[in-house]
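As structure tokens, the structure follows; a few thoughts come after it.
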Amino acid sequence: MPETGTPDASPPQPRFTVETARVLAEVAHNRQKDKLKRPYREHVLAVGDALEDFDDDIQIAGYLHDIAEDTPMTRQALLDMGVSERAVAIIERVTKRLHDNPDDYQDGIRFIAEDHDATLVKIADNAHNSLPERVQALAEKWPDKPPVTRYDEARPVLYEAVPAEEVRKILARVNPWLLEELDAMDDHPGESPVAEPGAKPDAGS
């Protein structure tokens, strides 16, 4: 005899996981290339991987940090897929085109640094863009291009906004060459290391 009563509840929606974000990032950026004509998905995957020591929302935002900048994906589409409000808020804060003044890079960095979670994502993004091999390749490709030091200038602002140990965890995973710079900042708080001419040309967003 069939049971009567309230109908069965709808099955729960699958949770949007870190692995889902990783796959989405790979697919969304699949056809894109960076300035060195390398697959752009390598960058977004590296940023997400660098945040492995943090919670799921921060990792998800790391993998998807450029999805609102470089793809047609909207806030509502992300929410409909199951991305949390917190992760979407992080993604929006690090999305340059959504800033009040998208052309003012350092103003955008200060805005990002007002939020702990977004700062972690931006540190990972900055660190991957500042890998020595990448910097050297860009310098070789554009030897006559004046040095752009915006990444160097951004790091003290970002590093001061979160605990040093959290910065260290990210750098150890994605760009350990920057740990020496972090140590120098810790030894001399308030002083920004000065980049040598041509040391770090622009490497991306």
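The values are calculated or read from the model by the stated rules, or taken from the named source; none is laboratory data. Model, not experiment: these values are computed from the prediction. Glycine also receives a Cβ, built like all others from the backbone with ideal geometry; neighbour counts cover every protein chain displayed. Quick note on the areas: whole protein, heavy atoms, side chains included, nothing else; ligands and nucleic acids left out. Shrake-Rupley method; radii C 1.70, N 1.55, O 1.52, S 1.80 Å.
Taking residues in region 89-118 that are without any contact (Cβ under 8 Å) to a residue 60 or more places away in the chain, and partners anywhere that are of a type in the set (Ser, Thr, Tyr) and open to solvent by less than 30 Å² (accessible area, probe 1.4 Å), the pairs with Cβ atoms closer than 8 Å and at least 6 places apart or on different chains are 112/119; 113/119.
Look at residue 47 and say whether it is under 22 Å from residue 137 (Cα atoms), open to solvent by less than 70 Å² (accessible area, probe 1.4 Å), modelled with pLDDT of 95 or more and of a type in the set (Val, Ile, Thr). So residue 47 passes the test.
May I ask you to list the residues in region 78-113 that are of a type in the set (Lys, Arg) and either on the phi > 0 side of the Ramachandran plot or touching a Phe, Trp or Tyr at 6+ places or on another chain (Cβ under 9 Å) (or both)?
Filtering region 78-113 for residues of a type in the set (Lys, Arg) gives 86, 93, 96-97, 110.
93, 96, listed by residue number.
Out of region 99-110, which residues are over 15 Å from residue 161 (Cβ atoms) and open to solvent by 80 Å² or more (accessible area, probe 1.4 Å)?
As a first pass, look at region 99-110 and keep what is over 15 Å from residue 161 (Cβ atoms): 99-105.
Across region 99-110, the qualifying residues are 100, 103.
Just the residues that are acidic (Asp, Glu) and either open to solvent by 20 Å² or more (accessible area, probe 1.4 Å) or at pLDDT 95 or above (or both), please, taken from region 142-201. Working first, answer last.
In the first step, residues of region 142-201 are kept if they are acidic (Asp, Glu); the result is 144, 152-153, 160, 165-166, 180-181, 183, 186-187, 191, 196.
Hits for region 142-201 are 144, 153, 160, 165, 166, 180, 181, 183, 186, 187, 191, 196.
With the requirement that a residue be in a loop (DSSP other than H, G, I, E, B), under 19 Å from residue 167 (Cα atoms) and of a type outside the set (Val, Ile, Thr), what does region 53-98 give you? If you could, list the steps in order and put the result at the bottom.
Narrowing region 53-98 to residues in a loop (DSSP other than H, G, I, E, B): 53-55, 64-66, 71-74, 82-84, 94-95.
Applying the additional criterion that residues be under 19 Å from residue 167 (Cα atoms) yields 53-55, 65, 94.
Hits for region 53-98 are 53, 54, 55, 65.
Looking at region 81-104, can you tell me whether even one residue there is closer than 15 Å to residue 125 by Cα and in contact with a Gly (Cβ under 8 Å, 6 or more places away or on another chain)? Within region 81-104, one or more residues are closer than 15 Å to residue 125 by Cα and in contact with a Gly (Cβ under 8 Å, 6 or more places away or on another chain).
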